[in-house]
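Okay, structure first, notes after.
The values are calculated or read from the model by the stated rules, or taken from the named source; none is laboratory data. In this text, all values refer to a predicted model and were calculated from it rather than measured experimentally. FYI the Cβ positions are ideal-geometry reconstructions off the backbone, even for glycines, and counts take in every protein chain you see. SASA here: full protein model, heavy atoms, side chains in, ligands and nucleic acids out. Shrake-Rupley method; radii C 1.70, N 1.55, O 1.52, S 1.80 Å.
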Amino acid sequence: MALYGYYRISTADQNPDHQIDALTRAGVEAGNIFGDTASGAKASRPALDRILSLLEPGDTLKITRLDRLSRSVQHLINLGADLRAQHIELHVVEQGIDTSTMEGRAMFGMLSVLAELQRELIVANTNDGLAAARARGRVGGRRPKLTQRQLDQAQKMYDEHAHTVEEIADAFHVSRPTLYRHLTAHHEGRDCALVVYRGKTGKTDASNRRLGETGADESVQLDTDRKWWPIAPGRRPHLKAIVYVAAGAVVRVRAVQGDLTKWREDDRGYCDVPVTGPLTDLQIAQQLPTLHLRPGDPRPHTRGKLREFLLL
């Protein structure tokens with residue numbers, strides 16, 4: 001009768017030493033301990049498959065806790081039934097479950113249900129928290145490697161053909177793939193739209209200039225919508241529209257008027273772009289047939305990104 005041990009960690013950053021030490025104290029030899037790096041819901045577990053192929057009648061499989069073994073309560077129940085059918089015992093070291101006894105088999109069934117319930121509660125609470133955060137304009141995830149100002153500058157450097165992508169990436173201390181994910185090409189002559197992500201209603205800057213959604217009439221909103229945007233000279237002839245997004249949805253689309261002599265530019269290179277009034281769905285279809293966005297369409301906001309170009 002041989003003893004085998006199995007451990008699992010969810011990510012490579014976690015340390016399995018605690019589980020390995022517990023299995024060793026339970027009498028499992030080091031050569032009979034196998035482990036996977038996989039999330040609790042992931043189906044593929046090569047080490048578990050390996051250990052199951054080695055187990056023979058009379059052997060015992062030892063784990064530290066039930067949640068280290070199974071990805072779902074149904075998988076746990078099926079696995080337990082398969083082990084019993086092959087006369088292989090399961091010993092859960094830290095929870096005191098031993099299926100060689102009647103009490104252990106009963107406890108195995110109850111704890112498997114509780115383990116699944118706990119996981120579902122964690123998932124539900126996490127989703128509730130994320131939804132509440134998104135409703136307040138906050139999104140989770142890793143902090144962006146480039147600020148919006150850096151993204152604007154990188155895009156202008158790229159659009160002006162003054163630097164290669166590698167030179168721009170070196171200047172901002174990021175990799176080329178990271179930079180490519182943020183850049184939108186126009187060198188092949190394709191038209192584009194500028195997508196603008198808006199914040200709170202009525203917000204103003206130090207000069208008392210309105211930013212974002214004004215909550216005021218069209219003349220005030222138009223004045224806010226048309227300025228100020230960092231658009232390189234080489235891209236300006238290709239800019240056909242500005243799409244405004246607030247609270248995760250498109251609120252309006254304005255066409256860009258084509259006369260470049262009417263554009264104004266400040267000392268930062270930011271532009272005051274002449275735009276039309278809000279376009280209707282029919283006008284968007286007629287003037288911007290390849291723009292697949294309409295007022296009311298969802299447009300999730302990526303953390304740290306205030307604007308981006310969208311090729312038409």
Output the qualifying pairs, or none if there are none: Cβ atoms under 6 angstrom, residues six or more apart or on different chains, first residue in region 167-183 and more than 18 Å from residue 305 (Cβ to Cβ) and without any contact (Cβ under 8 Å) to a residue 60 or more places away in the chain, second residue among the basic types (Lys, Arg) and part of a loop (DSSP other than H, G, I, E, B).
none
Within region 221-237, does at least one residue satisfy the condition of being open to solvent by 70 Å² or more (accessible area, probe 1.4 Å), closer than 18 Å to residue 190 by Cβ, modelled with pLDDT under 85 and over 29 Å from the mean Cα position of the chain (by Cα)?
yes
Looking at region 251-274, can you tell me whether even one residue there is in contact (Cβ under 8 Å) with a residue 60 or more places away in the chain and more than 19 Å from residue 309 (Cβ to Cβ)?
no
Would you confirm, using the coordinates I've provided, whether residue 73 is at pLDDT below 80, closer than 26 Å to residue 122 by Cβ and buried (at least 16 other Cβ atoms within 10 Å of the Cβ)?
yes
Among the residues of region 38-60, how many are more than 18 Å from residue 76 (Cα to Cα), surrounded by 12 or more Cβ atoms within 10 Å (Cβ to Cβ) and without any contact (Cβ under 8 Å) to a residue 40 or more places away in the chain?
0
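Table: residues versus (1) at pLDDT below 85; (2) open to solvent by less than 70 Å² (accessible area, probe 1.4 Å); (3) not aromatic (Phe, Trp, Tyr).
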{"site": "65", "(1), (2), (3)": "no, no, yes"}
{"site": "77", "(1), (2), (3)": "yes, no, yes"}
{"site": "87", "(1), (2), (3)": "no, no, yes"}
{"site": "95", "(1), (2), (3)": "yes, no, yes"}
{"site": "115", "(1), (2), (3)": "yes, yes, yes"}
Tell me which residues, restricted to region 280-303, are in contact with a Lys or Arg (Cβ under 8 Å, 6 or more places away or on another chain), surrounded by 16 or more Cβ atoms within 10 Å (Cβ to Cβ) and more than 10 Å from residue 241 (Cα to Cα).
293, 295
All conditions in (1) of a type in the set (D, E, K, R); (2) touching a strand residue (DSSP E or B) at 6+ places or on another chain (Cβ under 8 Å); (3) within 20 Å of residue 160 (Cβ to Cβ) are true of residue 267 except (2)
Output yes when any residue across region 123-137 is modelled with pLDDT under 75, in contact with a helix residue (DSSP H, G or I) (Cβ under 8 Å, 6 or more places away or on another chain) and either farther than 18 Å from residue 61 by Cα or open to solvent by less than 50 Å² (accessible area, probe 1.4 Å) (or both), and no when none is.
no
Only residues in region 185-196 that are farther than 17 Å from residue 157 by Cβ and part of a loop (DSSP other than H, G, I, E, B) count as the first member; pair them with residues that are modelled with pLDDT of 80 or more and open to solvent by 10 Å² or more (accessible area, probe 1.4 Å), Cβ under 7 angstrom, at least 6 apart or cross-chain, and list the lot.
190/238; 190/311; 190/312; 191/238; 191/240; 191/312
